[in-house]
Structure formats: structure tokens, C-alpha cells
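Quick notes on the structure that follows.
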């Protein structure tokens, strides 16, 4: 079969053996896979990350199981035995493995995954939109687990996939949501018919203070988190969804965080703690919001054209590209 792999720091479309299902696994025929922002960062600078050799990316996977049912893949593979797993906090499992990072991912024609990690695609949900289940679960987790509950004012830094899904979910459950964005051209595009307020970051100071600020921006440097700490009210909560690149350090004096009683919450991935769990809630969110979901997945590419898709994401205002095998 064909698969995209990074070998010796170079991306290549390779002939590789078909995967074999181990006990408890099933081989999925990949039909659609989203290109996550975390994939883009690693594909552009693989030397900056601790990646397997070879590395096969792709964790936002939709495919067909062995009986032809459309499924999405939960990319988190926890140990199932530790204390974190026992309470549903699989994202905190010390032996957590992730499909598309530690394990071979879905930038391939087929992938072997644990059967327990399969979720059926809800009836009527377009597979192009079902790839959003994973980033939507990250968004849901950040809002659900941040601590405060609505009503109140919530700001989202960043209008990428996770940022917009965070805004959508927070707005649905009762927050007054403002999205702060850096691109003037994207600002003009998103403000047409949007259910939330969009404000350019240059005007952010006039919007503060917020009860909650979610940092869902791009983590090349610490500026988004520095801004979040400026925008939050005393006693408020800053949620960090931003997957900062290795080596990025916070510059704000920590005494300020202490003196202002700011809650600083890291929100990594998603969990299975609540009923429904984050991924189930995310699937329902994507199903309920087809317009915003379709906007997020406006770039569709044949799998063989991954390099062209990456180039398009670099120069366009699109938030996500979907590969179709």
C-alpha cells in the first residue's frame, strides 16, 4: 500500500507493507484524514520534535471498518490500567500512545487501530466533516474542564480549527464569546454571518477584562499566552490549548500570576471522564453545526497531493485541509 512517511527528516510517498491487526485491533481502510496544525508544524520542522523513525502522521482519521461501516478513530491509546485511566483521564496516562505520532497514522491507505477506538460516523454526517471530531474533542475538553461555568465573558485567541470550534461550543453552552484574530483578511471573511464577535488583536486591549481566555493560537513564541494574561480579569482563568513548540518559555513575571490569583490551566487533548465523553460530545457538535464545520474543511485534496495541500495551507486563509484516499 501507499503511505506518507518522514524518513531522515524528509517527507516521502512510500510503498509500505499492509498493516496486520494484532489481537484487539482492526485494519481500517482510510477514506478521509484531516491535516492537523500539529501535523503541519512537525512536517515543516521535523528536527524540532521527538518523532519515531520513520514517522507516519495523520490522527484525524475517517475510514471503513472490516464490514464497510464508516467510522472515526479515537487517536488516543491509553494503557487502561493506571489511576488516570481508571477515572477517564486517558490524556494523563503515563503510557499514552497516539495514533499518528507514537503509532503509525492515517496518511496511508490502511491503518491498524484498536477496535475499542472506533466510533461510528453519525448518520448523515459528511466524512469530510467527521474528520473534525478529534479537534472538536480538544475544543470541548478545554471548555468543559477549564473550571468556570457560564454565564460570563470568554475570549478565544486564534481562529484556527480548534479556536473556532472552541468558540462554537462555548457559545452554545452560554458564554458571551469574542474571538481575537491576527489576520485582517481572515477577519473580514469570518465576520460575515458569524454567531460570535471577532476582534483584531490590535484592538484587544479595549475588550478586556474577560472571565476566561482560551489560548488556541499558534505557538511559535510566547506572545499568545502573554496576551491572554493581559486580557484576563483578576481571579480569572486562562486555558492553554496552544501546543507550544518545544523550548518556548513564558516571559511574564510569575509574581503577577500569583498576585492576581489567575488560574492557569493546561488543556491537553481530551478525556473520557464525562457522560457523554469529550469525543461523543464533539461528534454531536460537528453534526449540529454543519455550516461552520464545512467552512473549516474547505480545502480537499487527493492523498497523493499532500505537499501541495501543505503549500496551500501556508499561503491561504484556509484553516484545515482534508486528504481523500
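Every number in this text was worked out from the coordinates using simple rules, so none of it is lab data. These numbers were taken from a predicted model, which means no experiment stands behind them. Here the Cβ is made from the backbone with ideal geometry for all residues, glycine too, and neighbour counts use every protein chain on show.
Quick notes on this structure:
- Using a Förster distance of 22 Å, the FRET efficiency for residue 53-residue 304 (Cβ separation, nearest 0.05): 0.40
- Shape call, segment 135-179: gyration tensor on alpha carbons, a/c limit 1.5: oblate
- Alpha carbon centroid spacing (whole Å) that separates segment 1-68 from segment 75-102: 19 Å
- Largest GNM mean-square fluctuation across 183, 171, 206, computed for the chain with C-alpha springs under 10 Å, falls on 206.
- For segment 235-323, a/c is not less than 1.5, where a ≥ b ≥ c are the root eigenvalues of the C-alpha gyration tensor, and a/b does not top b/c. That puts it in the oblate class.
- Relative contact order (%) - the chain, alpha-carbon pairs under 8 angstrom, separation at least six: 18 percent
- Max mean-square fluctuation residue, GNM over the chain, Cα-Cα springs under 10 Å, options 218, 161, 149: 149
- Relative contact order for segment 146-266: 24 percent, from Cα pairs under 8 Å spaced at least 6 residues apart, divided by residue count.
- With neighbour counts taken as other beta-carbon atoms within 10 Å, the residues 10, 274, 320 rank, fewest first, as 10, 274, 320.
- Using alpha-carbon coordinates, inclination of helix 306-315 to the longest axis of the chain, degrees: 20 degrees
- Cα extents of segment 146-266 along the three principal axes, largest first (Å): 41, 31, 24
- Order by protection proxy (mean Cβ within 10 Å, highest first), peptides 56-64, 241-249: 56-64, 241-249
- Angle in degrees between helix 133-144 and the longest Cα principal axis of the chain, rounded to the nearest 10: 30 degrees
- Reference-scaled alpha-carbon Rg (2.2 N^0.38 Å with N residues) for the chain: 0.97
- Shown for segment 69-146 is the translational diffusion coefficient from the Stokes-Einstein equation, using the Kirkwood radius over Cα pairs, a temperature of 20 °C and a viscosity of 1.002 mPa s: 155 µm²/s.
- Crossing angle, helix 278-288 versus the chain [Cα axis fit, 0-90 degrees, rounded to tens]: 80 degrees
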